[in-house]
Amino acid sequence: MEEQYRPNEKTDRDLIEQNAKDTRCNFWWLVALTGLLIGCILMGVYWTHQTTARASLQEERIKELEIQRIQGSTPFMQKNDVQIMVGEAAKESLNTYINSQNSFIELIGVLITVLVAIIGIAFPLLTNRGIKEGLVKKIREKTEESKKEIGDQMSSELSESKKEISDQMSSELNKSKGEISDELKEGLKQLNDETERQKREINELKDRIEKILKNKQDLAEHAESLKEVNEESDIDKKIAKLEEEIKKNANYPAEGYYDLGLAQSENGEIDDAVSNFMMAVDRKPDYAEAYYALAKALCNKPDYDKAWEFIEKAILLKPEDSEMLMTRCQIYKNKGLVEEAKQDAEHGIELAKKAGNGGLLTDFRRLQAELSGIKDTDETPIDISVGKETFRMVKVKGGVFTMGATLKQRDKAYSVELPAHRVLLDDYYIGETVVPQGLWNAVMGSNPSKWKGDDLPVERVSWEDAQEFIGELNMKTGRTFRLPTEAEWEYAARGGKKSCGYKYSGSNNLDEVAWYGENSNHKTYPVKGKKSNELGLYDMSGNVWEWCQDWYGKYSGDAQSNPQGPLLGVNRVIRGGSFHDIFEEDCRVSYRRDDGTPVRRDYYLGFRLVMCL
């Protein structure tokens, strides 16, 4: 850096010559001024000397004339005449004296001027070399000092710049490290979750393969006994033989349990049949016929919810089986799920035509005709009053949906949202909005919320506080309210049967339907302030998080009917999103939180009601 500020030789010479010229010029001015000052002093001395001499000569002349008058040499003169004569004489004498003095002074002035000129000319000639050398020395010293100052200044600035750059780079590097670290942690977490999921799937697959191989081995070992049992025409004897064979052999094949279940179903022993079908699918997880038989047996109990779960597994294994589809269609019809039943009937007609099964084609057409005459149930909302407060419950028609992160949302999904699975739900009513502070105050006589307002959502309430409120509300209204199950909440947030498949509840644009971290100014807002979803429900992707009834637990990939969550747990499920959340991903309809201890109270946590039919 210092090389850029080092003067070159030409610049030094120019600077030296210019300073020498300036010094000589200043010296000549000094000589001239000195001469002028000396001249002024001489003129002052001359003027003072002339005045003193004139006065002295006049006084002496007067004395001489006075003496002459007294001595009588000029008796005829008066005193005034004497003074006049004296003055004239004095003037004449003075002028004579002055002229003589002037000549003397002029001589002195000429001599001084000549002397000053000689000195002014000689002095520079004599001292020019010394002055020049002194100036050169001073300039060099000054140059060295300037170099040193510039070098010190540049070193200081360079050090400060280095430090600033180093600090800035360190700060940015630390920030980048932190961001990269967070991204890596999240990526590693997702990778670990995905790895664990794949490991589980691989282990499950291994277990299934082992069970299949074992079942084949068992089947080969017991093929003769099964053949003998199946040749038995008497149903009671057949059941007795199978039971005896199973008691003898702990590793009896799944087909044996399946045959025993079929015999028991034919004989009306439904509970025993269900138990043996369960043993069959446990020994052979991909046994579609056993799932189908199990679903039919459960329909005879009747237990349509469980029957639907098992027929879903059967159809998943054999999606083109028209008989299995007919059973699911009948289950939908019995549960009042008309739209789902109609869809299965149309698909069943296509499969029956393809298979050339005339009898089944007739059955599907007959069922389709029956379904066309069934009207949808009433969807009119119910308004309920408590004191001066009125709130609305919206009817949600039951149906089947995929719960968890669907394929469209898989890229933004967390491990807690997987695996996606089929869920069947019955009809229910759910609150149009979260519980507002006005309703809470009307029931409880208090308001725990941070931000006050009758139309603002109640917050800072725990899961246990919500249960206490619901108990009081049930007594005041004579109805049965509860918190929504996690499945009910997600189904309603997705829009139920009217769902358009949005990422958030009611839109793919979060600003349209939710108050969240980017638009909330970090506070709650009155309910119904944003666009509703397909069912007319508000704030299911923002404003405040919402408690659910379930204990938190990991998802299963199996189909479920009206799931209630685990029997036991540590935390309750929290759903929705809130004004506090800066990440849009946390406001998706499939996102779920697992940190809801039942006593937790936060200023961004409220709840929504469900009313039982």
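The values are calculated or read from the model by the stated rules, or taken from the named source; none is laboratory data. Here the structure is a predicted model, which means the values were calculated and not measured. Positions of Cβ are generated from backbone atoms using ideal geometry, with glycine treated the same way; all protein chains shown enter the neighbour counts. Heavy atoms of the whole protein, side chains included, go into the accessibility calculation; ligands, DNA and RNA do not. Shrake-Rupley method; radii C 1.70, N 1.55, O 1.52, S 1.80 Å.
Expected output is a single nm value to one decimal: the length gained when fully extending between Lys476 and Ala250, i.e. 0.36 nm times separation in residues minus the C-alpha distance. What is it?
Extra length available between Lys476 and Ala250 comes to 75.6 nm.
At 0.36 nm per residue, and after removing the present C-alpha to C-alpha distance, how many nm does the segment from Asn447 to Glu350 gain when stretched out fully?
My answer for the length gained is 29.0 nm.
Please go through the residue pairs Lys301/Lys498; Lys318/Lys354; Lys296/Lys554 and name each one whose alpha carbons sit more than 26 Å apart in this structure.
Result: Lys301/Lys498; Lys296/Lys554 exceed 26 Å.
Taking R0 as 22 Å, what FRET efficiency do you get between Lys318 and Thr362 from their Cβ-Cβ distance, rounded to the nearest 0.05?
In this case the efficiency is close to 0.50.
Between Arg392 and Asn267, what length comes free when the chain is fully extended (0.36 nm per residue of separation minus the Cα-Cα distance, one decimal in nm)?
Once the chain is fully extended between Arg392 and Asn267, it gains 39.9 nm.
Find, among the trypsin sites (Lys or Arg not before Pro) in the stretch 572-613, those assigned to loop by DSSP (not H, G, I, E, B) with at most 10 other beta-carbon atoms within 10 angstrom.
Those that pass, being in a loop and sparsely packed, number zero.
Any idea how far apart Ser372 and Glu585 come out in nm if each label point goes 7 Å out from Cα toward Cβ?
Taking the simple label geometry, Ser372 and Glu585 are separated by 4.9 nm.
At 1.4 Å probe size, with no ligands or nucleic acids counted, give the accessible surface of Ser507 in Å², nearest ten.
10 Å²
Roughly how many Å² of Leu537 are accessible to a 1.4 Å probe, to the nearest 10?
Accessible area, nearest 10 Å²: 0 Å².
What order do Asp539, Asp427 take when sorted by accessible area (1.4 Å probe), most exposed first?
Asp427, Asp539
Largest first, what is the accessible-area ranking of Thr390, Thr402 with a 1.4 Å probe?
My answer, sorted largest first, is Thr390, Thr402.
I need the phi-derived Karplus couplings for the stretch 440-449: 6.51 cos²θ - 1.76 cosθ + 1.60, θ = phi - 60°, integer Hz, Gly and Pro marked x.
Result, rounded to whole Hz: 4, 5, 5, 8, 9, x, 8, 8, x, 5.
Considering amide H positions built from the backbone, and no H for Pro or chain starts, which residues 5 or more places from Gly606, or on another chain, come under 5 Å of its amide H?
Those qualifying (amide H under 5 Å, at least 5 residues apart or on another chain) are Trp545, Glu546, Trp547.
Based on the Cβ-Cβ distance from Asp383 to His522, what FRET efficiency comes out when R0 is 41 Å, to the nearest 0.05?
0.80
Classify the stretch 276-350 as rounded, prolate or oblate from the Cα gyration tensor: take a ≥ b ≥ c as the square roots of its eigenvalues, call it rounded if a/c is under 1.5, otherwise prolate when a/b beats b/c and oblate if not.
oblate
Specify whether the C-alpha gyration tensor of the stretch 432-520 places it in the rounded, prolate or oblate class, a ≥ b ≥ c being the square roots of the eigenvalues: rounded for a/c under 1.5, otherwise prolate if a/b is larger than b/c and oblate if not.
Oblate.
Where does the charge balance sit around Tyr603 when Lys and Arg score +1, Asp and Glu -1, over other residues with C-beta under 10 Å from its C-beta?
Cβ neighbours under 10 Å give a net charge of +2.
Show the residues, 5+ positions off or on another chain, whose built amide H is closer than 5 Å to the amide H of Gly506.
For Gly506, whose amide H was placed from the backbone, the distant partners under 5 Å are Glu534.
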